[in-house]
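Working notes, beginning with the structure itself.
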Amino acid sequence: MVALKVFFSFVMFIAHSVSSMEAKRHIHMGTQRIDSNWYDAHATFYGDMTGGETMQGACGYGDLFKQGYGLETTALSTALFNNGLTCGACFEIKCHNDPQWCYPHAGSIKVTATNFCPPNYTKSEGNWCNPPLKHFDLSMPMFTKLAIYKAGIIPVKYRRVLCYKKGGIQFQIKGNPWWTLVLLYNVGGAGDIKDVKIKGSMTRSWV
């Protein structure tokens, strides 16, 4: 199996926000619109301070350090994961209204969605990732920037934000004679991928 990594540069449109008394505030990135209002959710963490258990994941990423995400990552509950369409999106999160566990003046963290927190229907309570709950399962280093790790779970406020990545969009192509897998990562701006078109060297149109 041969992996080919191609680096592309892209033009970043100027992001701007629009607000009014009647309409929600949004950030525009090209033709995509990001709702940047703050919403309520909860957050937990998985893995340890090394982040080993956060590697790989349902979004198809591999070594998050090599791919530029590092430990600034989160898994999303079903309500936020959107069948994988939110992979690569960036969120700003802050601990909210829990003086027992929230660090005073902790501020906020920014993380990229790289994994899925699956629902659990085997128990009657504590199923934070079950629909319709909005939940972030953070890497431990990110959680402990907001609250004491013994808290286990904390109430948070979150919002979508633009992603800022270095090095441009990166592509990794893997496969064999029967299938081809194209992984896009390190995506700035909106972060999530809506559509991809491919054009071969011997073809005239994009598919």
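Summary of computed values
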{"item": "Residue in the range 65-72 that is more than 19 Å from HIS96 (Cα to Cα), among the acidic types (Asp, Glu) and at pLDDT 90 or above present", "result": "yes"}
{"item": "Output for the range 63-105, where each listed residue is free of Cβ contacts under 8 Å to residues at least 40 places away in the same chain and either within 19 Å of ALA41 (Cβ to Cβ) or surrounded by 14 or more Cβ atoms within 10 Å (Cβ to Cβ) (or both)", "result": "GLY70, PHE81, ASN82, ASN83, GLY84, PRO99"}
{"item": "Top-ranked residue of the range 152-171 - restricted to ones that are modelled with pLDDT of 85 or more and of a type in the set (Lys, Arg), ranked as surrounded by the fewest Cβ atoms within 10 Å (Cβ to Cβ)", "result": "LYS157"}
{"item": "In the range 41-57, residue nearest to CYS102 (Cα to Cα) [restricted to those that are among the aliphatic types (A, V, I, L, M) and in contact (Cβ under 8 Å) with a residue 60 or more places away in the chain]", "result": "ALA43"}
{"item": "Output for the range 94-117, where each listed residue is part of a loop (DSSP other than H, G, I, E, B) and of a type outside the set (Phe, Trp, Tyr)", "result": "HIS96, ASN97, ASP98, PRO99, GLN100, PRO104, HIS105, ALA106, GLY107, SER108, CYS117"}
{"item": "Residue list for the range 106-129, restricted to those being surrounded by 15 or more Cβ atoms within 10 Å (Cβ to Cβ) and among the aromatic types (Phe, Trp, Tyr)", "result": "PHE116, TRP128"}
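The values are calculated or read from the model by the stated rules, or taken from the named source; none is laboratory data. This one's a predicted model, so the numbers in the text were calculated from it and none came from an experiment. Glycine gets a Cβ as well: all are built from the backbone with ideal geometry, and neighbour counts include every protein chain shown.
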